[in-house]
């Protein structure tokens with residue numbers, strides 16, 4: 001389902017370092033090198049996206065797993081026996097054509113691309129451990145996460161391995177997988193029941209010496225951002241390469257932190273990462289790396305043919321789901337943005353919750369939605385269900401919960417002052433942010449009146465937040481929990497009823 005995105009305009013994180021001169025891309029790589037190809041944060045983007053040019057005068061197709069597979073095959077042909085392909089997580093969740101069969105189609109495509117390993121991301125747990133286990137059974141490559149431990153057994157779940165070793169002839173490469181250590185606060189609690197997510201360094205450090213006996217080169221595929229990857233490199237000597245993820249920011253020039261090279265291919269199949277690792281022929285250890293031009297855009301290229309089998313798979317999935325995704329839900333006269341601050345889009349979502357709650361007889365006073373849950377932006381114009389689904393892909397349920405004013409104020413204080421920021425409706429908040437310190441809120445009004453600590457307020461939100469998502473444990477203090485419909489359907493119905501919509505920033509969450 002095409003949508004306008006700004007993925008190719010993402011800020012490119014750069015770091016300067018002395019590096020080997022790159023080999024021309026048209027030739028085979030030198031005999032003393034292995035080739036590490038990597039992706040991350042695919043988020044179900046089987047199909048290509050429609051991307052607006054910098055001048056906004058034209059659009060072009062970018063990404064998609066068929067074109068990605070074609071580029072991977074072209075790179076792999078330069079050194080078929082000395083190439084690794086790994087993914088650093090969040091592979092499935094994010095588009096209707098992937099979510100409709102809970103990532104099964106993406107897993108098929110990854111099998112066809114001959115991935116060597118996947119380090120699971122936090123969103124790979126979204127549909128629960130049974131689904132993750134089933135995807136692992138279907139995959140022709142291992143799922144890795146050294147820092148995920150079962151509380152009962154103290155060991156990795158049976159569907160996950162801490163690491164994998166691949167023999168590429170001139171060197172053996174050990175791949176340690178890490179999921180996001182903060183997954184316990186950003187994944188629905190029911191999906192990760194019985195699991196612990198340990199800190200990255202604490203999980204990698206004990207494995208290094210053992211892995212160095214089995215492998216010559218140590219790669220960590222970690223579903224953590226670049227800043228956290230830098231810290232991991234500082235904390236744990238002995239890592240040769242870290243493939244980072246999670247922050248969706250591609251690194252154009254691989255970063256050198258101590259003796260560790262850090263790479264990241266961005267998100268949504270917009271890029272593939274490629275790192276040439278120079279191997280010392282006498283020790284088989286990593287000697288250096290080609291760090292320039294670490295990512296390649298995935299766009300229409302006459303020299304790179306899309307993989308026909310994956311293209312067929314995508315066509316089939318598109319045809320099966322198009323009757324749902326192509327439905328026009330309405331129009332917006334304003335752009336819908338997903339920045340982590342008050343936006344017209346966030347106001348529209350929470351306004352939809354308030355109206356929906358009142359229609360259900362919940363007598364809704366206020367509504368909340370986590371800012372991190374809005375995953376896409378759109379220009380003004382027509383909106384399809386498929387587009388809206390990409391913005392709200394998590395199938396959360398809208399719920400009612402009754403909260404005292406004191407508990408409600410504590411939730412708002414955390415959202416404004418600490419972390420886990422929320423879109424809001426029915427409430428106006430003024431605050432002065434103090435570097436993550438609590439109690440920075442000055443005023444809270446509900447329906448124009450100051451919040452009363454003893455009054456009971458009817459709150460519409462989503463079950464993710466009710467269960468403590470993004471650290472918002474305060475919703476669990478409420479009573480009279482009532483479950484409603486899925487969030488995207490609630491918002492779609494609201495847009496249809498009020499089309500054309502003109503959502504704007506109104507100062508609902510204002511700093512002073």
Might you check whether a residue that is out of contact with any helix residue (DSSP H, G or I) (no Cβ under 7 Å at 6 or more places or on another chain), assigned by TED's automatic domain parsing to the domain that holds residue 89, within 25 Å of residue 372 (Cα to Cα) and part of a helix (DSSP H, G or I) occurs anywhere in the stretch 158-177? no
One residue from 131, 165, 148, 173 being in contact (Cβ under 8 Å) with a residue 24 or more places away in the chain and over 18 Å from residue 207 (Cβ atoms): 131
Going by the structure shown, is residue 184 over 24 Å from residue 81 (Cα atoms), in the same structural domain as residue 225 (by TED's automatic domain parsing), surrounded by fewer than 18 Cβ atoms within 10 Å (Cβ to Cβ) and in contact (Cβ under 8 Å) with a residue 60 or more places away in the chain? no
Could you list, in sequence order, all residues of the stretch 20-52 that are modelled with pLDDT under 50 and more than 30 Å from the chain's Cα centre (by Cα)? 20, 21, 22, 23, 24
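Condition check ((1) under 24 Å from residue 190 (Cα atoms); (2) more than 27 Å from the chain's Cα centre (by Cα)) across all residues:
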residue: 448; (1), (2): no, yes
residue: 451; (1), (2): no, yes
residue: 459; (1), (2): yes, yes
residue: 462; (1), (2): yes, no
residue: 469; (1), (2): yes, no
residue: 476; (1), (2): yes, no
residue: 485; (1), (2): yes, no
residue: 496; (1), (2): no, yes
Does residue 463 satisfy being within 15 Å of residue 368 (Cα to Cα) and at pLDDT below 95? no
Condition check for residue 330: surrounded by fewer than 20 Cβ atoms within 10 Å (Cβ to Cβ), at positive phi and in contact (Cβ under 8 Å) with a residue 60 or more places away in the chain: yes
Mind listing just one residue for me: the one in the stretch 335-387 that is assigned to a helix (DSSP H, G or I) and without any contact (Cβ under 8 Å) to a residue 12 or more places away in the chain and, of those, surrounded by the fewest Cβ atoms within 10 Å (Cβ to Cβ)? 359
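Quick grid of which residues meet (1) surrounded by fewer than 21 Cβ atoms within 10 Å (Cβ to Cβ); (2) out of contact with any helix residue (DSSP H, G or I) (no Cβ under 8 Å at 6 or more places or on another chain); (3) outside the structural domain of residue 165 (by TED's automatic domain parsing):
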residue	(1), (2), (3)
213	yes, yes, no
222	no, no, no
233	no, yes, no
239	no, no, no
275	no, yes, no
305	yes, no, no
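Residues that are surrounded by 18 or more Cβ atoms within 10 Å (Cβ to Cβ), without any contact (Cβ under 8 Å) to a residue 60 or more places away in the chain and assigned by TED's automatic domain parsing to the domain that holds residue 333: find the strands (runs of 3 or more DSSP E) completely inside the stretch 440-512 holding 2 or more of those.
441-446
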In the stretch 181-208, what residues are in contact with a helix residue (DSSP H, G or I) (Cβ under 6 Å, 6 or more places away or on another chain) and more than 18 Å from residue 136 (Cβ to Cβ)? 181, 185, 186, 188, 200, 201
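The values are calculated or read from the model by the stated rules, or taken from the named source; none is laboratory data. Everything numeric here is computed off the predicted structure, so don't read it as measured data. Glycine also receives a Cβ, built like all others from the backbone with ideal geometry; neighbour counts cover every protein chain displayed.
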